[in-house]
Amino acid sequence: MIQVVAAVLMWLLVISLLPGTRRRDHSVLTAAITIAVAMTLNIDPVYTSLDEAFAARNYVDLLANVSMVVGIYFLSKAIIRAATPEDAGEGRDAIGAVVLGVVILGLVSSFSFITTHGSSTRFMLDYGDQFPAALYSAIQFVYIGYVVSITGATCFRFRPGMSRPYYRLAFTFIGIGCALAVLLVSLVLVMDTLHLQGRLDAMRAVSPAYDVTVVAALAFLCVGLAIPPVARRILRLKDAATEDDLVRGLRVVWDKTAGMRQDVRLQLGVEDLAQQAPALKLHRMLVEVQDALLVEPGLASSLDIRELRVLSAAENYLAGPIERGTKARKQRGERAL
């Protein structure tokens, strides 16, 4: 059951990341898909059916664990790149890739020394009393613990500098998820040690805490990673509605000013203006209104208070992105997640 819950959480994250993929980096989406595949391979019916194709040698367990460490590596890389305000971490990519390669070789090597007796959907429970199996598990989880501890520390370090509240909230959730993942690693290592020592009752006593921590860690990570794209979509919808309202309000002002002065009209005709996106339409109408008022200041007297307020609101709205773009801000998370 815990494998199904974990896989569902990851696939829900993938679904939340899919819209708008053309407008941003795909690193988080690729990592999420890789981890989701690893989680799915651990679901009993999926595991059993696929492992039969590999002569019931439990190669699917190895494939799932390799996919997991690869996904964790790329996910951590994307989160750190997003959270870090400068490119300080880019130079460590080569080292990280080498470490990942060593971990994969370690997983393959230790797996080859495990003595198995047919396909097992409870791989560590069935074979965890063997030292190679304990080493196999330790290599994976020590690596995951190391990576997520660095990732979580980076999130908490740079979270206060995020310029938008929903990014601060997102990195808070991711940081908590990483902290829970470190706790999860500790529980796994304890369970592996107890299994090696033959203390099965003590190992089973720790198991419920492991199950709860798995779900909690994934939930916090998935929510944190889903917040930025979902928030951006909500803001885009809100901006589109605001732009439509401003265009309708500014139309009257445009008719009284730019509509009266053909010499201030831009190259496109009225028909082309109607086909433009609301943001572009609003910008063009405002430019033409301002040009008309500059050429013939007397036109301003034809505008009432409500129309002047609409004109001011359009100016303030379009000035907002410009002001935000001129801030001395090096935060990269708003583009990467």
Plugging the Cβ-Cβ distance of Ser163 and Glu296 into 1/(1 + (r/R0)^6) at R0 = 35 Å yields, to the nearest 0.05, a FRET efficiency of 0.30
Computed about the Cα centre, the charge dipole of segment 70-221 from +1 Lys/Arg and -1 Asp/Glu charges at the Cβ has a magnitude in debye, to the nearest 20, of 440 debye
Restricting to Cα pairs under 8 Å and 6 or more apart, the percent relative contact order of the chain works out to 20 percent
In whole percent, the Cα-Cα distances of segment 37-79 spread across 10 Å bins from 0 upward as 31, 45, 18, 6
The farthest towards the positive end of the charge dipole of the chain, of the residues Leu50, Ile33, Val147, given +1 on Cβ of Lys and Arg and -1 on Cβ of Asp and Glu, is Val147
Expected sort for 153-164, 6-17 on mean C-beta neighbours within 10 Å, highest first, is 6-17, 153-164
For segment 92-247, whose charge dipole is built from +1 on Lys and Arg Cβ atoms and -1 on Asp and Glu Cβ atoms, the candidate among Gly128, Phe171, Ala181 with its Cα farthest towards the positive end is Phe171
Rounded to the nearest 10 degrees, the helix 59-83 long axis (Cα) sits at an angle to the longest Cα principal axis of the chain of 40 degrees
Here the gain from full extension of Ser109 to Leu280, 0.36 nm per residue of separation minus their alpha-carbon distance, amounts to 55.7 nm
Taking Cα atoms, the helix 200-256 axis meets the longest principal axis of the chain at an angle in degrees (rounded to 10) of 10 degrees
Mean accessible area per residue over segment 135-211 (1.4 angstrom probe, all protein chains present, square angstrom) is 47 Å²
Carbon and sulfur atoms account, in whole percent of the 1.4 Å probe accessible area of the chain, for 64 percent
Expressed in µm² per second, the diffusion coefficient of segment 165-234 from the Stokes-Einstein equation, with Rh the Kirkwood radius over alpha carbon pairs, at 37 °C and 0.692 mPa s, is 247 µm²/s
Descending packing, highest mean Cβ count within 10 Å first, for 178-185, 249-256, 230-237 is 178-185, 249-256, 230-237
With x for Gly and Pro, the residue-by-residue ³J(HN,Hα) of segment 40-56, computed from phi through the Karplus equation 6.51 cos²θ - 1.76 cosθ + 1.60 at θ = phi - 60° and given in whole Hz, is 5, 5, 8, 6, 3, x, 5, 4, 5, 5, 6, 5, 4, 6, 10, 6, 6
Under the Karplus relation with 6.51, -1.76 and 1.60 and θ = phi - 60°, whole-Hz ³J(HN,Hα) for segment 138-149, x at Gly and Pro, equal 5, 4, 5, 7, 5, 4, 4, x, 4, 5, 6, 5
In nm, the gap between the two label points placed 7 Å beyond Cα toward Cβ at Thr242 and Gln197 is 6.0 nm
Taking N as the residue count of segment 47-204, its alpha carbon Rg divided by 2.2 N^0.38 Å gives 1.20
Residue-ordered couplings for segment 165-173, obtained by feeding phi - 60° into the Karplus form 6.51 cos²θ - 1.76 cosθ + 1.60 and rounding to whole Hz (Gly and Pro as x), are x, 6, 6, 4, 5, 4, 6, 5, 4
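The values are calculated or read from the model by the stated rules, or taken from the named source; none is laboratory data. These figures come from a predicted structure and were not determined experimentally. All Cβ positions, glycine included, derive from the backbone under ideal geometry; neighbour counts span all protein chains shown. In case anyone asks, the SASA skips ligands and DNA or RNA and just uses the protein heavy atoms, side chains included. Shrake-Rupley method; radii C 1.70, N 1.55, O 1.52, S 1.80 Å.
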